[in-house]
Amino acid sequence: MKKPTIVFVHGAFVTRASFEPLMGYFKDRGFEVLAPAWPFHGQSVPELRDRPEAELGKLGLENLTEYYAGIIRALPEKPIIIGHSFGGLLTQLLMDRGLGLAGIAINSAGAKGIVAAAYPTTARSIFGILSKPWRKTFMMSFKEFQYAFVNTLSRAEQERAYREHVVPETTRIFFQGAVAPFASSSPFKVDFNNGSRGPLLMIAGEVDRIVPASLVRKNYGLYNQQSGAVTEYKEFSGRSHWIIAQPGWEEVADFIDHWLKKQLPAYIG
């Protein structure tokens with residue numbers, strides 16, 4: 001039996017390369033894997049740093065949602081969707097649209113209903129962005145990345161991750177998130193009562209700072225457990241925001257693989 005395709009959705013400040021460990025893991029297990037880069041993220045890290053696209057600052061969450069929805073609708077069958085950080089929020093939004101067989105949202109940015117600024121480490125992690133509203137794009141310094149993404153790694157591992165992965169990002173998605181609690185038509189809005197979507201797994205890292213586990217638990221708790229749609233939560237101890245690539249990522253991949261087999265027995269033998 002041919003296994004479903006997995007579409008990986010990366011997060012902000014990085015490229016599709018952040019998913020290389022998980023992509024290799026699932027490709028080795030017979031899945032076809034796709035990891036489309038966000039718009040204006042398709043070049044190498046050095047190129048993106050030296051010459052960020054002029055249109056990058058206009059990129060909003062609604063554009064990202066439509067972009068990935070178009071990619072998925074062009075596939076012959078519904079895929080599994082695995083997203084990290086803002087890619088985790090996109091996973092929630094795409095699952096809400098009925099576009100995935102199953103979704104795994106890893107260290108997901110919060111949907112509408114979550115006030116990110118209420119979490120001190122989140123507020124500190126994104127302060128540099130929100131304190132400069134005139135900026136259309138933002139490049140994290142090493143110190144900011146060290147605090148927000150890779151706080152559990154060794155200095156050498158932190159420097160390598162920063163050198164190999166970090167790129168400038170649109171600030172628009174962060175400002176959209178900041179006003180989401182007050183905007184009735186926010187692109188961050190998810191129907192938590194949708195009983196017709198596929199199963200959704202929300203994963204958190206115990207010591208993540210930019211998306212703390214308490215934020216992910218709160219987001220998980222917004223889902224109506226009586227809706228008929230499966231929603232589950234898993235927290236991994238000692239994991240930072242870099243959960244998809246830091247040492248021990250294999251444990252996370254194994255858990256996802258077993259969860260998918262349980263949820264999709266007709267598709268995964």
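Results, tabulated for the structure shown:
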{"quantity": "Rel. contact order, % - alpha carbon contacts under 8 angstrom, at least six apart, the chain", "calculated": "23"}
{"quantity": "For the range 83-156, alpha-carbon Rg relative to the globular expectation (2.2 N^0.38 Å, N residues)", "calculated": "1.30"}
{"quantity": "Semi-axes of the equivalent ellipsoid for the range 1-93, Cα gyration tensor, largest first, Å", "calculated": "24, 16, 11"}
{"quantity": "Average accessible surface area per residue within the chain, 1.4 Å rolling probe, Å²", "calculated": "42"}
{"quantity": "Gain upon complete extension [residue 175, residue 37; 0.36 nm per residue less C-alpha separation]", "calculated": "47.5 nm"}
{"quantity": "GNM result for the chain, Cα springs below 10 Å: residue of 97, 239, 73 fluctuating most strongly", "calculated": "73"}
{"quantity": "Whether the range 179-240 is rounded, prolate or oblate, judged on the alpha carbon gyration tensor where a/c under 1.5 counts as rounded", "calculated": "oblate"}
{"quantity": "Protein-only accessible surface order, largest first, of 1, 139, 202 at 1.4 Å", "calculated": "1, 139, 202"}
{"quantity": "Full-extension gain in nm, residue 135 to residue 66, via 0.36 nm per residue minus C-alpha separation", "calculated": "22.4 nm"}
{"quantity": "Bins of 10 Å from zero: percent of alpha-carbon pairs in the range 34-161", "calculated": "10, 34, 39, 16, 1"}
{"quantity": "Heavy-atom SASA rank of 50, 96, 254 (probe 1.4 Å, accessible area, largest first)", "calculated": "50, 254, 96"}
{"quantity": "Tensor-based shape of the range 123-247 (alpha-carbon gyration tensor, a/c under 1.5 rounded, otherwise prolate or oblate)", "calculated": "oblate"}
{"quantity": "Trypsin sites (Lys or Arg not before Pro) within the range 117-207, DSSP loop, no more than 11 other Cβ atoms inside 10 Å", "calculated": "none"}
{"quantity": "Listed residues 217, 29, 209, most fluctuating in the chain (Gaussian network, C-alpha, under 10 Å)", "calculated": "29"}
{"quantity": "Alpha carbon centroid spacing (whole Å) that separates the range 128-163 from the range 43-88", "calculated": "20"}
{"quantity": "Given (1) 1.13; (2) 0.99; (3) 0.93, the label whose value is Cα Rg over 2.2 N^0.38 Å derived from this model", "calculated": "(3)"}
{"quantity": "Accessible area of residue 164 in the full protein assembly, 1.4 Å probe (Å², nearest 10)", "calculated": "80"}
{"quantity": "Residues whose placed amide H lies under 5 Å from that of residue 106, excluding near-sequence neighbours", "calculated": "83, 84, 85, 88, 203"}
{"quantity": "Along principal axes, Cα extents of the range 100-139, largest first, whole Å", "calculated": "40, 23, 16"}
{"quantity": "Accessible area, probe 1.4 Å, largest first, for residues 3, 78", "calculated": "78, 3"}
{"quantity": "Candidates 111, 54, 12: whichever shows maximal mean-square fluctuation once the chain is modelled as a Gaussian network with Cα springs under 10 Å", "calculated": "54"}
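The values are calculated or read from the model by the stated rules, or taken from the named source; none is laboratory data. If you're wondering where the values come from, they're calculated on a predicted model, not measured in any experiment. Ideal geometry is used to build each Cβ from the backbone, glycine not excepted, and the neighbour counts take in all protein chains shown. All accessible areas refer to the heavy atoms of the entire protein, side chains included, with ligands and DNA or RNA removed. Shrake-Rupley method; radii C 1.70, N 1.55, O 1.52, S 1.80 Å.
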